[in-house]
1. Kindly evaluate residue B:104 against the criterion of being farther than 26 Å from residue A:36 by Cα and within 11 Å of chain A (Cβ to nearest Cβ).
2. Across region B:271-291, what is the total count of residues that are farther than 24 Å from residue B:67 by Cα and either assigned to a strand (DSSP E or B) or without any contact (Cβ under 8 Å) to a residue 60 or more places away in the chain (or both)?
3. Inspect region B:84-95 for any residue being modelled with pLDDT of 90 or more and in contact with a strand residue (DSSP E or B) (Cβ under 8 Å, 6 or more places away or on another chain) and give the result as yes or no.
4. From the residues in region A:83-99 that are assigned to a helix (DSSP H, G or I) and surrounded by fewer than 21 Cβ atoms within 10 Å (Cβ to Cβ), which one is nearest to the other protein chains (Cβ to nearest Cβ)?
5. Among the residues of region B:172-181, write down those that are within 30 Å of residue B:146 (Cβ to Cβ) and surrounded by 14 or more Cβ atoms within 10 Å (Cβ to Cβ).
6. Please identify the pairs in which a residue from region A:207-234 that is modelled with pLDDT under 85 has its Cβ atom under 6 Å from the Cβ atom of a residue that is in a helix (DSSP H, G or I), counting only partners at least 6 apart or on another chain.
7. Can you tell me which residues in region B:18-66 are at positive phi and surrounded by fewer than 13 Cβ atoms within 10 Å (Cβ to Cβ)?
8. Just to be sure, is residue A:120 surrounded by fewer than 18 Cβ atoms within 10 Å (Cβ to Cβ) and under 30 Å from residue A:217 (Cα atoms)?
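The values are calculated or read from the model by the stated rules, or taken from the named source; none is laboratory data. Since the structure is predicted, the reported quantities are computational estimates derived from the model, not experimental observations. All Cβ positions, even for glycine, are placed from backbone atoms using ideal geometry, and neighbour counts span all protein chains on display.
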DNA sequence: AAGAGTGGTGCATTTTTTGCACCACCCTTG
DNA sequence: CAAGGGTGGTGCAAAAAATGCACCACTCTT
C-alpha cells in the first residue's frame, strides 16, 4: 500500500517529535521527509505541525488529521483482511491489549488453539492495566481489548462480559485450605503477596479492605506471576487471583484456590470488545468469537 | 490530495466499466491507467476487476475495496472541512439528495440564506425519488438526505422528522375554494393534475383512493412545477402538494390551498438525515442544523 | 561564545510514472 | 466465415517526481 506512505510519515513525525529523528527511523533523508511534509501541508492548505526550536509538534489541524490517518490505516488493514479471507486464506495480525489477569494462562492457550487452525495469523499481545486498555484501542495500537475491572468504557464496544470472583491461593497445608469460602479478615491475618495497585484484583481488595476497616499487609509486592502462583510456597503466605487466571494444574503443584466471600470482596467483571464504531479485521473478529465462546463455555 | 489519486482511478474504472473509457475521462493514457491498476492489484495481492471481453468489472474483492474507498474519500472531505473550519473559514460542498416536494421553494430559500452567510460553501442539490435518496447516501453521492415518505430507512440516520399534510391547490374561484377541509371524493369529481407515481404525494393519494374506492382522473400527468402551481389556471383543475412546498405568494397568484381531511389522505412524513455511521463535513452539519431549525419553527 | 540541535533549500542524481506504438485477444457485424 | 472495432497488456524512450547531498539560517543549551 504505497499510496498511504505519506500517512505513515506523518504518524512517525508526530511520534518522534522531530523530522530528523523520524527520518532516521523511516530510513530516509531528513530532507526528503521534510519535503514530503511540506508538500502535504501545501496540498492541505494548512500547517499540520508547529515548528519549535527543538522539533515539531502537531497542532489542532494535525490532531484531526492524525485521527483520520489512524482510522484510515486500520480500516485499510481490515479491508485487506476481508479480501484475503475471500480466497479462503486467513491472514493478518490480531492485536490484543489485555489486563495481566488474562495473560497468565488463558490467552496463551487461546492463541495457541487459534494458531493451530490458522497458522497464517500472527498475534501481538500487550499487557495493559485497567485504564490503559481503552487508550490502546483509541490509538489503534490494538484491535481487541480484554479488561478486568475497567476504569471506563466510553469508547469501548463491549462484545461480551462475565463476572469473575476473586480467589485466594495458598499451599495445601495452609490452615485456611480446607474452607469452602473465605472472609477477607481471615486472609488478612496471614502474610500476603500482592500485585501493584494498578491491577484490577488489587484494586478490588484495597477498596474492600477500606470498606471493612481491614489492613492488608503485603510481605511481597510484585507483578511477577512466579510469586503469585508459586511452586514451592514454604510458608503460610497467601496470594489472590481471579478464576480465569488459575492454572488447571494447581493441585498437582500442591496448592489450592479458595473463593473469597463476595460479600467481602465483590466479583469483578471481565469486558471483551473493541473500539466503538470500528469494524475489526476478519482474523480479529474470529478470534474474539473464539474467546467469548470459550469464556461462555467455562464460566457462563 | 494527490495520494488518493489511485482511489479516484479505481472508482472511475468501476464507474466507466472499461479502462480506456475511464482513462479518457481522467485525461490520461489508457496505458498509464492500466499500469496503475496492475500495480494496485499487485500490492493488494489480488485482482480487483475481472477482465471481460468488453471491459472490466469489479469482483467481490473490488466491491469491498470500493466501499472502503468511498468511505475514505468522503471522510477525507470531512477532515478537510473540519480543518478549514478551525481557521474560521467555512468552506466545502454541501451535497443534498431531496425529494422533489422539497425542491419547490423550501430548499432553494434555505440554500440562499446559508450562502449569504457563508459564500465559500458550494451546494449540489439532486432531485431523488423516495427510494433513491437513501441509495444516493450509500453511494456517497450526497451527504444529506431529505425525503418525503421514504421507502425504507435502513441505512438512514434520522436527525429530524415532521408531519406534512397534503393540500389541494386550486383557483380562488373554484367551487371548493371556500371550504376549510376537503374530502378526497370531493376532489375526485374535478379534473386532476397529478405527478408521476414515484412522488410521495401521488403515492399517498393513490393508496387512499384504493382504500376508499375512489377513482382519480388525471387530465394532466406531469412533474413540472409550473403545472402544479399554475399562474393562470383557467379551468376547474385541481393539483396537490404538501404544506412545505406551497409558495408564500399563492394568494397573490389568485390561488388557494385547502387541506385534505387526514382521515382520507394520511399525513406524510419528511425525514431529514444522513448516512448511518458517518460524520458529515462541518458545512453540511451546519446546514442540516439550519434546515431542521427552520422546519421546527415553521411546522413544529 | 561555542556547539549541537532544529527545519528549510538549491542542485545533481536516481527512481517512478507516463505516453507512444504495438500485440494478442474477443465479440459483434456484415 | 471474415473483417473490423473494441478490449486489456507490454517494451521502450521521454518526462516527471522523489531523493540524497551539501549547506544555510536559526534557537537553545552549555
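1. No; evaluated as a whole, the condition is false for this residue.
2. Within region B:271-291, the subset farther than 24 Å from residue B:67 by Cα is B:271, B:286-291.
Still in the list and also either assigned to a strand (DSSP E or B) or without any contact (Cβ under 8 Å) to a residue 60 or more places away in the chain (or both): B:271, B:289.
Total meeting the criteria: 2.
3. First pass over region B:84-95, keeping only residues modelled with pLDDT of 90 or more: B:94-95.
Checking the rest, the ones that are also in contact with a strand residue (DSSP E or B) (Cβ under 8 Å, 6 or more places away or on another chain) come to B:94-95.
Yes.
4. Applying the first criterion (assigned to a helix (DSSP H, G or I)) to region A:83-99 yields A:83-86.
Those left that are additionally surrounded by fewer than 21 Cβ atoms within 10 Å (Cβ to Cβ): A:85-86.
Details: A:85: 10, A:86: 6 Å.
For region A:83-99, the residue satisfying everything is A:86.
5. Pass one, region B:172-181, residues within 30 Å of residue B:146 (Cβ to Cβ): B:180-181.
Listed by number, the list holds a single entry, B:181.
6. A:220/A:227
7. Of the residues in region B:18-66, the ones at positive phi are B:27, B:45, B:55.
Once the filter is applied, which keeps residues that are at positive phi and surrounded by fewer than 13 Cβ atoms within 10 Å (Cβ to Cβ), region B:18-66 yields only B:27.
8. No; evaluated as a whole, the condition is false for this residue.
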